[in-house]
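This report refers to the structure that appears directly beneath it.
The values are calculated or read from the model by the stated rules, or taken from the named source; none is laboratory data. This structure is a prediction, so every number in the text was calculated from the model and none was measured. Cβ placement follows ideal geometry from the backbone for every residue including glycine, while neighbour counts extend to all protein chains displayed. Quick note on the areas: whole protein, heavy atoms, side chains included, nothing else; ligands and nucleic acids left out. Shrake-Rupley method; radii C 1.70, N 1.55, O 1.52, S 1.80 Å.
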Amino acid sequence: MPRSVPEAVGLLERHGPELLVMAGGTIAMPLINEGISLPERVMSLRHAGMDGLATRGDVLAIGAAATLSQLLAQETVPLLREAARHTASWPIRNLGTVGGNLFTPPPGGDVAVALLALDAQVRVVGPRGERRLALEAFFTGFMTTALASDELVVEIEVPLAALQTAFIKYGRKQANTPAVVTVAVALERDAGRIGAARVALGAAGPHPLRARRAEAELTGAVLDAAVIERAAQAAAAESQPFTDGIATEWYRRRMVGVFVRRALESL
């Protein structure tokens with residue numbers, strides 16, 4: 001149980017990939033309890049000083065070990081509060097962390113979808129120093145990231161900007177449910193037109209992803225019914241859904257279009 005980030009990085013460098021890094025444990029512990037994962041060593045980040053939330057200039061800095069309940073309590077970024085409210089159950093939110101949510105396989109990772117729409121950056125630290133990655137570049141595939149084996153995610157940085165935002169999670173139940181699809185939208189308006197648009201999708205690919213063609217339909221346009229319809233169709237076409245016990249690939253793609261449309265209509 002390291003007491004600082006440098007100590008945590010040192011332990012990770014010393015023990016290598018067989019060291020399981022754990023913050024809240026909501027992903028790792030079920031695998032350990034079922035005997036699927038049997039790590040030789042486990043490092044807890046709970047006391048490494050990575051659990052704060054702070055406003056630094058025009059950025060909200062979120063410690064990777066900050067809990068989802070902490071995210072729910074903050075009022076600086078309403079989109080993140082809404083995403084946290086729709087993630088898992090109260091006991092899980094009290095344990096699960098913002099950093100851990102980046103590693104949650106689909107159809108999980110609802111907070112990561114909101115962070116993607118907010119153009120967040122990930123600050124990582126390793127023995128070679130510190131670097132920042134755009135969250136979009138952090139995800140590289142199904143349960144794979146750009147994080148090196150000796151690096152830790154220590155903070156997520158969210159730009160504070162004047163945005164219109166919407167978050168919709170569609171599941172089989174109203175609460176504590178895996179997503180059929182998650183949609184987060186962030187728009188910058190300029191004289192009645194959309195100056196910039198970010199549309200992020202969850203449970204619609206191997207990881208949270210940006211709907212770039214939908215964003216292109218929105219950027220520079222007036223948000224009317226025709227533009228909304230084109231953006232919704234573009235998002236559905238470029239999504240990469242999958243079939244699981246929650247929904248089929250066909251149904252997920254249809255619901256991407258439906259809920260991108262609803263999110264945009266709410267704005």
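Here are the numbers for the structure shown:
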read-out: Whole-number D in µm²/s for the chain (Stokes-Einstein; Kirkwood sum over Cα pairs; 10 °C, 1.306 mPa s); value: 84 µm²/s
read-out: Angle in degrees between helix 5-15 and the longest Cα principal axis of the chain, rounded to the nearest 10; value: 70 degrees
read-out: Highest average packing first - 96-109, 66-79, Cβ atoms within 10 Å; value: 96-109, 66-79
read-out: Nearest 10 degrees, 0 to 90: helix 225-238 Cα axis against the chain principal axis; value: 40 degrees
read-out: Per residue accessible area of the chain, 1.4 Å probe, in Å²; value: 46 Å²
read-out: Cα-centred dipole magnitude for the chain, charges only on beta-carbon of K, R (+1) and D, E (-1), debye, nearest 20; value: 460 debye
read-out: The chain - percent of accessible surface contributed by carbon and sulfur, probe 1.4 Å; value: 53 percent
read-out: Ellipsoid semi-axes in whole angstrom, largest first, where each is sqrt(5λ) of the Cα gyration tensor of the stretch 1-93; value: 27, 19, 8
read-out: Helix 249-265 axis, angle to the chain major axis (alpha carbon atoms, nearest 10°); value: 70 degrees
read-out: Per residue Cα convex hull volume in Å³ - calculated over the stretch 29-165; value: 126 Å³
read-out: Stokes-Einstein D for the stretch 126-223, Kirkwood Rh over Cα pairs, 37 °C, 0.692 mPa s (µm²/s); value: 208 µm²/s
read-out: Sequence ranges 179-185, 83-89, ranked by mean other-Cβ count within 10 angstrom, highest first; value: 179-185, 83-89
